[in-house]
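**Student:** Structure incoming, see below.
The values are calculated or read from the model by the stated rules, or taken from the named source; none is laboratory data. What you see is a predicted model, and the numbers here were worked out from it, not measured in a lab. Using ideal geometry, Cβ is built from the backbone for each residue, glycine included, and neighbour counts are taken over all protein chains shown. Protein only, heavy atoms only, side chains kept; ligands, DNA and RNA dropped before computing areas. Shrake-Rupley method; radii C 1.70, N 1.55, O 1.52, S 1.80 Å.
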Amino acid sequence: MLSSIKEYKLDNLSSNSISLEVDNSVVLICPDNSNVTIDMKDFSSVNNVEIKGGQNSNILVRFLFTCKDIELNIKSDVSRGTFLHIVLADFSNGNTKVNSNISLLEEKAHSTFNLAVLSSQEQTKVFNISFDHHVSKTYSEIDAYGVSKDNSLIKILGTSHIENKADKSEASQKVKVILFDEKSRAIANPILKIDNNDIKANHACAIGSLKEEHLYYLLSRGIELKEARGLITLGYLMPISSYFDKDDSEFIKNLIGGSF
(Lines give C-alpha, C1' and ligand atoms only; values in the text may rest on other atoms or scores of the structure.)
Protein backbone atom coordinates (compact mmCIF):
# COMPACT_ATOMS: atom_id res chain seq x y z
CA MET A 1 0.00 0.00 0.00
CA LEU A 2 1.37 3.43 -0.96
CA SER A 3 1.24 6.07 1.74
CA SER A 4 -0.57 9.28 0.99
CA ILE A 5 1.27 12.58 0.65
CA LYS A 6 -0.08 15.62 2.47
CA GLU A 7 1.01 19.17 1.69
CA TYR A 8 0.95 21.83 4.39
CA LYS A 9 1.21 25.37 3.04
CA LEU A 10 2.32 27.44 5.99
CA ASP A 11 1.40 30.86 4.65
CA ASN A 12 1.75 34.20 6.41
CA LEU A 13 3.27 32.78 9.56
CA SER A 14 5.41 34.76 11.93
CA SER A 15 6.73 33.23 15.15
CA ASN A 16 3.96 30.64 15.23
CA SER A 17 4.15 27.02 16.32
CA ILE A 18 2.28 24.27 14.51
CA SER A 19 1.91 20.71 15.82
CA LEU A 20 1.59 17.95 13.26
CA GLU A 21 0.91 14.38 14.32
CA VAL A 22 1.36 12.39 11.14
CA ASP A 23 1.64 8.81 9.99
CA ASN A 24 2.31 9.31 6.29
CA SER A 25 4.38 11.46 3.90
CA VAL A 26 4.23 15.23 4.28
CA VAL A 27 5.54 18.27 2.44
CA LEU A 28 5.95 21.45 4.50
CA ILE A 29 5.86 24.58 2.34
CA CYS A 30 7.06 27.81 3.98
CA PRO A 31 6.88 31.18 2.14
CA ASP A 32 9.59 33.84 1.96
CA ASN A 33 10.33 35.77 5.15
CA SER A 34 8.57 33.29 7.43
CA ASN A 35 9.45 32.49 11.01
CA VAL A 36 7.90 29.19 11.97
CA THR A 37 8.28 26.34 14.46
CA ILE A 38 6.89 22.93 13.51
CA ASP A 39 6.47 20.09 16.01
CA MET A 40 6.25 16.56 14.67
CA LYS A 41 5.81 13.54 16.91
CA ASP A 42 4.04 10.21 17.38
CA PHE A 43 5.09 8.69 14.07
CA SER A 44 4.16 5.25 12.85
CA SER A 45 6.50 2.93 10.92
CA VAL A 46 7.40 4.90 7.76
CA ASN A 47 7.43 8.67 7.23
CA ASN A 48 8.81 10.99 4.59
CA VAL A 49 9.16 14.67 5.39
CA GLU A 50 10.13 17.25 2.78
CA ILE A 51 10.69 20.85 3.80
CA LYS A 52 10.36 23.55 1.16
CA GLY A 53 11.42 26.87 2.60
CA GLY A 54 11.35 30.26 0.94
CA GLN A 55 14.11 32.83 1.08
CA ASN A 56 15.13 34.75 4.22
CA SER A 57 13.20 32.45 6.54
CA ASN A 58 13.78 30.95 9.96
CA ILE A 59 12.40 27.39 10.15
CA LEU A 60 12.64 25.19 13.24
CA VAL A 61 11.45 21.59 12.88
CA ARG A 62 11.34 19.56 16.10
CA PHE A 63 11.01 15.77 16.01
CA LEU A 64 10.18 13.84 19.17
CA PHE A 65 10.26 10.03 18.92
CA THR A 66 8.38 8.12 21.61
CA CYS A 67 6.83 5.23 19.66
CA LYS A 68 8.26 1.88 18.60
CA ASP A 69 10.19 1.29 15.35
CA ILE A 70 10.69 4.59 13.53
CA GLU A 71 11.75 5.01 9.92
CA LEU A 72 12.05 8.57 8.68
CA ASN A 73 13.40 10.26 5.56
CA ILE A 74 14.03 14.01 5.73
CA LYS A 75 14.75 16.12 2.66
CA SER A 76 15.10 19.85 2.14
CA ASP A 77 16.49 22.40 -0.30
CA VAL A 78 17.52 25.52 1.62
CA SER A 79 17.22 28.88 -0.13
CA ARG A 80 19.10 32.17 0.13
CA GLY A 81 19.27 33.66 3.61
CA THR A 82 17.23 30.86 5.19
CA PHE A 83 18.12 29.08 8.43
CA LEU A 84 16.72 25.55 8.71
CA HIS A 85 17.17 24.09 12.19
CA ILE A 86 16.29 20.42 12.69
CA VAL A 87 16.07 19.06 16.24
CA LEU A 88 15.54 15.35 16.82
CA ALA A 89 15.06 13.74 20.23
CA ASP A 90 14.86 9.94 20.02
CA PHE A 91 13.67 8.24 23.21
CA SER A 92 11.57 5.61 21.49
CA ASN A 93 11.38 2.03 22.72
CA GLY A 94 12.15 0.41 19.37
CA ASN A 95 14.54 0.53 16.44
CA THR A 96 15.20 3.75 14.52
CA LYS A 97 16.38 4.50 11.02
CA VAL A 98 16.71 8.12 9.90
CA ASN A 99 18.05 9.44 6.61
CA SER A 100 18.40 13.21 6.31
CA ASN A 101 19.66 15.02 3.22
CA ILE A 102 19.85 18.81 3.20
CA SER A 103 20.95 20.71 0.09
CA LEU A 104 22.22 24.27 0.55
CA LEU A 105 21.38 25.74 -2.83
CA GLU A 106 21.87 29.51 -2.50
CA GLU A 107 24.23 31.90 -0.74
CA LYS A 108 23.82 32.34 3.01
CA ALA A 109 21.74 29.17 3.31
CA HIS A 110 22.30 27.78 6.79
CA SER A 111 21.20 24.48 8.35
CA THR A 112 21.88 22.63 11.60
CA PHE A 113 20.94 19.16 12.86
CA ASN A 114 20.81 18.63 16.64
CA LEU A 115 20.37 15.03 17.81
CA ALA A 116 19.95 13.34 21.18
CA VAL A 117 19.39 9.57 21.25
CA LEU A 118 19.02 6.95 23.98
CA SER A 119 19.16 3.24 23.10
CA SER A 120 18.65 0.21 25.34
CA GLN A 121 17.97 -3.53 25.36
CA GLU A 122 18.52 -4.93 21.82
CA GLN A 123 17.68 -1.71 19.96
CA THR A 124 19.51 -0.51 16.85
CA LYS A 125 19.33 3.20 16.07
CA VAL A 126 20.89 4.48 12.85
CA PHE A 127 21.17 8.10 11.70
CA ASN A 128 22.54 9.06 8.30
CA ILE A 129 22.83 12.85 8.15
CA SER A 130 24.20 14.62 5.08
CA PHE A 131 24.65 18.20 3.92
CA ASP A 132 25.49 19.27 0.37
CA HIS A 133 27.02 22.74 -0.09
CA HIS A 134 26.37 23.68 -3.73
CA VAL A 135 27.31 27.39 -3.70
CA SER A 136 29.50 29.81 -1.80
CA LYS A 137 28.82 31.20 1.68
CA THR A 138 26.72 28.30 2.95
CA TYR A 139 26.83 26.82 6.45
CA SER A 140 26.04 23.45 8.06
CA GLU A 141 26.43 21.86 11.49
CA ILE A 142 25.80 18.43 13.02
CA ASP A 143 25.69 18.23 16.83
CA ALA A 144 24.84 14.72 18.11
CA TYR A 145 24.83 13.12 21.56
CA GLY A 146 23.94 9.54 22.45
CA VAL A 147 23.78 7.08 25.34
CA SER A 148 23.89 3.36 24.54
CA LYS A 149 22.78 0.86 27.22
CA ASP A 150 22.51 -2.92 27.53
CA ASN A 151 23.18 -4.64 24.19
CA SER A 152 22.03 -1.79 21.96
CA LEU A 153 23.72 -0.04 19.05
CA ILE A 154 23.83 3.62 18.04
CA LYS A 155 25.21 4.41 14.60
CA ILE A 156 25.68 8.01 13.46
CA LEU A 157 26.96 8.71 9.96
CA GLY A 158 27.59 12.32 9.00
CA THR A 159 28.61 13.58 5.57
CA SER A 160 29.31 17.22 4.71
CA HIS A 161 30.13 17.80 1.04
CA ILE A 162 31.49 21.19 0.03
CA GLU A 163 31.53 21.36 -3.76
CA ASN A 164 34.11 23.19 -5.85
CA LYS A 165 31.91 26.29 -6.31
CA ALA A 166 31.15 26.57 -2.60
CA ASP A 167 34.01 28.83 -1.49
CA LYS A 168 33.72 30.70 1.83
CA SER A 169 31.46 27.91 3.14
CA GLU A 170 31.64 26.32 6.59
CA ALA A 171 30.85 22.79 7.82
CA SER A 172 31.08 21.38 11.34
CA GLN A 173 30.37 17.95 12.83
CA LYS A 174 30.42 16.80 16.47
CA VAL A 175 29.38 13.35 17.71
CA LYS A 176 29.68 12.08 21.31
CA VAL A 177 28.33 8.77 22.60
CA ILE A 178 28.59 7.18 26.06
CA LEU A 179 28.59 3.37 26.36
CA PHE A 180 26.94 2.40 29.63
CA ASP A 181 27.41 -1.36 29.61
CA GLU A 182 29.96 -3.92 28.50
CA LYS A 183 27.94 -4.95 25.44
CA SER A 184 26.78 -1.44 24.49
CA ARG A 185 27.96 -0.39 21.05
CA ALA A 186 28.30 2.77 18.99
CA ILE A 187 29.65 3.61 15.55
CA ALA A 188 30.33 7.14 14.35
CA ASN A 189 31.70 8.01 10.94
CA PRO A 190 32.03 11.76 10.30
CA ILE A 191 33.01 12.43 6.68
CA LEU A 192 34.13 15.72 5.17
CA LYS A 193 34.20 15.79 1.37
CA ILE A 194 36.01 18.98 0.39
CA ASP A 195 36.37 20.12 -3.23
CA ASN A 196 37.33 23.72 -2.47
CA ASN A 197 40.29 25.03 -0.46
CA ASP A 198 38.74 28.36 0.56
CA ILE A 199 36.46 26.95 3.26
CA LYS A 200 36.31 26.12 6.98
CA ALA A 201 35.52 22.57 8.09
CA ASN A 202 36.01 20.50 11.21
CA HIS A 203 34.77 17.33 12.84
CA ALA A 204 35.05 15.77 16.29
CA CYS A 205 34.07 12.30 17.43
CA ALA A 206 34.21 10.70 20.87
CA ILE A 207 32.89 7.27 21.89
CA GLY A 208 33.73 5.87 25.28
CA SER A 209 32.58 4.05 28.38
CA LEU A 210 30.95 5.76 31.32
CA LYS A 211 33.68 7.41 33.38
CA GLU A 212 34.11 5.58 36.65
CA GLU A 213 35.15 8.73 38.50
CA HIS A 214 31.83 10.41 37.64
CA LEU A 215 29.90 7.41 38.92
CA TYR A 216 32.08 7.12 42.04
CA TYR A 217 31.54 10.80 42.86
CA LEU A 218 27.76 10.33 42.95
CA LEU A 219 27.90 7.00 44.80
CA SER A 220 30.20 8.52 47.43
CA ARG A 221 27.44 10.99 48.24
CA GLY A 222 24.91 8.32 49.03
CA ILE A 223 23.19 8.16 45.66
CA GLU A 224 22.09 4.68 44.56
CA LEU A 225 23.68 3.19 41.43
CA LYS A 226 20.46 3.26 39.38
CA GLU A 227 19.79 6.89 40.26
CA ALA A 228 23.41 7.85 39.57
CA ARG A 229 23.30 6.35 36.08
CA GLY A 230 20.03 8.17 35.47
CA LEU A 231 21.46 11.50 36.59
CA ILE A 232 24.47 11.14 34.30
CA THR A 233 22.23 10.30 31.34
CA LEU A 234 19.95 13.20 32.14
CA GLY A 235 22.87 15.62 32.23
CA TYR A 236 24.20 14.30 28.94
CA LEU A 237 20.97 14.27 26.90
CA MET A 238 18.77 16.85 28.61
CA PRO A 239 20.26 19.89 26.77
CA ILE A 240 18.19 18.90 23.69
CA SER A 241 15.09 19.87 25.69
CA SER A 242 16.08 23.54 25.53
CA TYR A 243 14.81 23.58 21.94
CA PHE A 244 11.34 22.36 22.97
CA ASP A 245 8.50 24.08 24.79
CA LYS A 246 7.94 23.65 28.51
CA ASP A 247 5.53 20.70 28.34
CA ASP A 248 7.64 18.68 25.91
CA SER A 249 10.79 19.54 27.86
CA GLU A 250 9.27 18.08 31.01
CA PHE A 251 8.06 15.07 29.02
CA ILE A 252 11.59 14.47 27.72
CA LYS A 253 12.97 14.68 31.26
CA ASN A 254 10.48 12.04 32.42
CA LEU A 255 11.31 9.78 29.45
CA ILE A 256 15.03 9.89 30.23
CA GLY A 257 14.44 9.39 33.94
CA GLY A 258 12.07 6.50 33.33
CA SER A 259 14.67 4.59 31.31
CA PHE A 260 16.46 3.47 34.51
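**Student:** Would segment 98-106 turn up any residue that is at pLDDT 95 or above, farther than 27 Å from Ile187 by Cα and either part of a loop (DSSP other than H, G, I, E, B) or open to solvent by 10 Å² or more (accessible area, probe 1.4 Å) (or both)?
**Tutor:** yes
**Student:** Can Leu115 be described as open to solvent by less than 10 Å² (accessible area, probe 1.4 Å), out of contact with any Lys or Arg (no Cβ under 8 Å at 6 or more places or on another chain) and within 19 Å of Gln55 (Cα to Cα)?
**Tutor:** Numbers: open to solvent by less than 10 Å² (accessible area, probe 1.4 Å): yes; out of contact with any Lys or Arg (no Cβ under 8 Å at 6 or more places or on another chain): yes; within 19 Å of Gln55 (Cα to Cα): no.
So Leu115 does not fit the description; no.
**Student:** Step by step: first the residues of segment 42-72, then only those that are outside any loop (DSSP other than H, G, I, E, B) and touching a residue at least 60 places away in the same chain (Cβ under 8 Å), then the one that is nearest to Leu104 (Cα to Cα). Which residue is that?
**Tutor:** Leu60
**Student:** Let me ask you something else. If you take the residues in segment 229-260 that are surrounded by 17 or more Cβ atoms within 10 Å (Cβ to Cβ) and either in contact with a Cys (Cβ under 8 Å, 6 or more places away or on another chain) or of a type in the set (Gly, Ala, Ser) (or both), which one is modelled with the lowest pLDDT?
**Tutor:** Within segment 229-260, the match that is modelled with the lowest pLDDT is Ser259.
**Student:** Give the residues of segment 109-132 that are in contact with an Asp or Glu (Cβ under 6 Å, 6 or more places away or on another chain) and not polar (S, T, N, Q), sorted by residue number. Show your work before the answer.
**Tutor:** To start, the set of residues in segment 109-132 that are in contact with an Asp or Glu (Cβ under 6 Å, 6 or more places away or on another chain) comprises 112, 114, 117, 120-121.
Of everything in segment 109-132, just one residue is in contact with an Asp or Glu (Cβ under 6 Å, 6 or more places away or on another chain) and not polar (S, T, N, Q), namely Val117.
**Student:** Also, I was wondering about something else. Please find, among Lys149, Lys226, the residue that is open to solvent by less than 20 Å² (accessible area, probe 1.4 Å) and more than 16 Å from the chain's Cα centre (by Cα). Don't jump to the end; show me each part of the working.
**Tutor:** On the way: Lys226 fails: open to solvent by less than 20 Å² (accessible area, probe 1.4 Å).
Unique residue meeting the criteria: Lys149.
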